[in-house]
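> Can you read through this structure? Questions will come right after.
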Ligand SMILES: Nc1ncnc2c1ncn2[C@@H]1O[C@H](COP(=O)(O)OP(=O)(O)OP(=O)(O)O)[C@@H](O)[C@H]1O
Ligand SMILES: [Mg+2]
């Protein structure tokens with residue numbers, strides 16, 4: 001493919017690397033995202049990889065759009081049909097709509113935005129007769145969100161000080177209300193997907209077998225829930241991660257299956 005000529009030798013090596021985990025460490029603006037994009041094109045054009053066997057994760061919607069446009073420009077549009085390319089959140093939403101049979105939700109679930117989320121917390125704080133100066137909706141919601149990104153459910157929420165007890169009660173009620181509205185918040189997209197894969201070996205196997213190539217841009221920014229998700233999806237396959245700083249897995253996770 002002629003696009004390989006436009007790469008420097010190190011970039012070419014990463015783009016054409018054989019199967020197996022590849023770690024690209026390079027400074028800011030040195031062409032890491034470009035490597036990832038070109039590897040997608042290379043896998044399809046040169047290695048006979050089918051588009052639906054590729055999962056590519058970016059951190060922003062803008063980056064996903066750019067990557068999609070760049071891959072399409074390198075190949076013809078049809079050749080790229082079926083690539084799972086997007087942010088963690090958009091990828092999770094697509095998986096969850098497909099697998100809604102396993103969830104307490106319908107496949108047409110709605111995704112509540114930050115305003116909706118805070119409004120629900122606010123109304124719970126009010127109904128529980130809590131002091132809304134002490135328990136500001138934004139701060140209680142932030143605690144819930146932090147827990148979700150560490151995959152801590154409402155029932156598991158640890159209590160150390162009195163405030164935790166309150167947050168836990170609100171968290172439990174908050175989840176009830178989301179489910180009653182057939183809704184999820186942004187964090188739930190990750191949490192439900194991580195749990196779906198952890199708890200359903202058949203579902204996990206299906207996706208893990210399907211995604212022969214998983215490419216992650218800005219891997220160093222993954223949180224616990226995202227890391228867990230990748231670990232499960234990559235359990236049969238390979239992971240190309242692209243950190244620009246040194247990175248170590250979140251502390252309470254297993255390092256075993258990702259070298
Ligand atoms: N071999 C190359 N030839 C020409 N242009 C290149 C080459 N490699 C990268 N570039 C250009 O350099 C710019 C930065 O590349 P890219 O966004 O891939 O870097 P990055 O390492 O992902 O950056 P960041 O650290 O900001 O994520 C882009 O405009 C890209 O098209
Ligand atoms: Mg980049």
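> Could you say which residue among 26, 64 is under 17 Å from residue 217 (Cα atoms), in contact with a strand residue (DSSP E or B) (Cβ under 7 Å, 6 or more places away or on another chain) and within 16 Å of ligand 2 (Cβ to nearest atom)?
Going through 26, 64 in turn, the sole match is 64.
> Further, regarding this structure: Being closer than 30 Å to residue 59 by Cβ and in a loop (DSSP other than H, G, I, E, B) narrows it down to one of 135, 157, 171, so name that one.
157
> Which of the helices (runs of 4 or more DSSP H) found entirely inside the range 1-95 contain at least 3 residues meeting this: crowded, with 19+ Cβ neighbours inside 10 Å and within 10 Å of ligand 1 (Cβ to nearest atom)?
Ranges flagged: 32-47.
> Same structure, new question: Quick one: which residue in 189, 151, 196 is under 19 Å from residue 87 (Cα atoms) and in a loop (DSSP other than H, G, I, E, B)?
Sole residue among the options that is under 19 Å from residue 87 (Cα atoms) and in a loop (DSSP other than H, G, I, E, B): 151.
> Restrict the check to the range 66-77 and report whether at least one residue is under 20 Å from residue 207 (Cβ atoms), touching a residue at least 40 places away in the same chain (Cβ under 8 Å) and in the same structural domain as residue 93 (by TED's automatic domain parsing).
No; the residues of the range 66-77 include none that is under 20 Å from residue 207 (Cβ atoms), touching a residue at least 40 places away in the same chain (Cβ under 8 Å) and in the same structural domain as residue 93 (by TED's automatic domain parsing).
The values are calculated or read from the model by the stated rules, or taken from the named source; none is laboratory data. None of the values given here were measured: they were computed from a predicted structure. Cβ: placed from backbone, ideal geometry, glycine included. Neighbour counts: every protein chain shown.
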